[in-house]
Each structure stands twice: as structure tokens, then as C-alpha cells.
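Down below is the structure, laid out as C-alpha cells.
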Amino acid sequence: MNPVPHHRRQILGGLAALWLAAAFGPVAAHDFKLGPLRIDHPYATPTPPGAANGAAYLRGIHNTGDQPDRLVGATTPVARSVEIHRSVIDAQNVMRMRAIDGIALPPKAELRLRHGGEHHLMLIGLKQPLKDGDRFPMTLRFEKAGEREVMVWVQTPRDGAGVHQHKH
């Protein structure tokens, strides 16, 4: 039996690690499943020091099933509470954010909770600022599918837009 030289073992080991990371890393890190629901890339935007509130988002929730569901709540150890918020333009053309009791997830449809969009998860009473690169757990609660813990990545949006202070 011819042993594999040490440098070739290192190269092969490195290639195997890269292949595993490419095949499983990003999917496992940012996508989550709960029955027919696929939760894509939970993220939060950084907050300034001393900010009382922050916001978390989901690139999307895809309901692959034949039955409707609803996102009805969330919790996280980094904030006192989490509220589902909807942004609307009022009669005076001012953007207002209001807490709502849930978001419908129709069958075979995708809902996006993106910065600058209609919905987000308001993190009320932050225990510390959210810093770019941090991660934290958040449990999402659905009416039919139940609960699923996801890992939220704190990141500045790629386009640099949509980072706003939540003072309400």
C-alpha cells in the first residue's frame, strides 16, 4: 500500500471541506424548514448604540403546502418582545408602522419581509445593540405549523438602503 504524501492529504482534506461548505453551509445556515414552510435568510439590521428597538426580516417564507397558515408571533432572547409590524402610508402621506396580529401565508405562495417593505419583525426593548456580523436565535410561531427556531444574522443590507432607526 502506497501512503498518500502529507501535502496531498492536506490538499484533499481542504478540497473536501470546501465542497462540504459549498454544498451544505449556506443552505444550513440561512434556510429553515417547518413542515410545508420554508424560511429563507432571517436577518436584522445593525442598530446604533443605545437604540431601544431594532428590526428583523426574512428574505421570504414560502408555503409549499396546500393549506393556508399565518405567522402569528416571534420571541428572541435579545429583546423584551417581538411584534409583527406593517408599514402603511397614511392620509398625510406619512409612513406609519403598526403592530398587527399576524400575516397570512396562502398555499403555494411566498411572503417577503424585507427592509423597506410592508412587513417586519419589530424587536422591542433590545438588551444590547445589534452589531454587523452578530447572530442570535429567534423563534417564529405559526398558527398551524407551530414553532421554529431560526438563526438571525445581523447585516447591513447590500444596497445600503432601508436601515432606519426604530424609535417607536
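The values are calculated or read from the model by the stated rules, or taken from the named source; none is laboratory data. All figures in this text were calculated on a predicted structure; none of them were measured in a lab. Backbone-built Cβ (ideal geometry, glycine too); neighbour counts: all protein chains shown. Surface areas here come from the heavy atoms of the whole protein model, side chains and all, with no ligands, DNA or RNA. Shrake-Rupley method; radii C 1.70, N 1.55, O 1.52, S 1.80 Å.
A few remarks follow.
Each row is one residue, and each column tells you yes or no for (1) open to solvent by less than 50 Å² (accessible area, probe 1.4 Å); (2) of a type in the set (Asp, Glu); (3) modelled with pLDDT under 95.
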{"position": "Leu71", "(1), (2), (3)": "yes, no, no"}
{"position": "Ala91", "(1), (2), (3)": "no, no, yes"}
{"position": "Met97", "(1), (2), (3)": "yes, no, yes"}
{"position": "Ile103", "(1), (2), (3)": "yes, no, no"}
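- Output for segment 33-46, where each listed residue is open to solvent by less than 20 Å² (accessible area, probe 1.4 Å) and either small (Gly, Ala, Ser) or not in a loop (DSSP other than H, G, I, E, B) (or both): Leu37, Ile39, His41, Pro42, Tyr43, Ala44
- Of all residues making up segment 113-139, the number that are charged (D, E, K, R), within 22 Å of Asn63 (Cα to Cα) and loosely packed, with under 14 Cβ neighbours inside 10 Å: 1
- Residue in segment 52-67 that is part of a strand (DSSP E or B), open to solvent by 30 Å² or more (accessible area, probe 1.4 Å) and not small (Gly, Ala, Ser) present: yes
- Within segment 71-115, considering residues that are outside any strand (DSSP E or B) and of a type in the set (Val, Ile, Thr), the one nearest to Gly146 (Cα to Cα): Thr76
- Condition check for Leu123: under 13 Å from Ala44 (Cβ atoms), part of a loop (DSSP other than H, G, I, E, B), touching a Gly at 6+ places or on another chain (Cβ under 7 Å) and modelled with pLDDT of 95 or more: no
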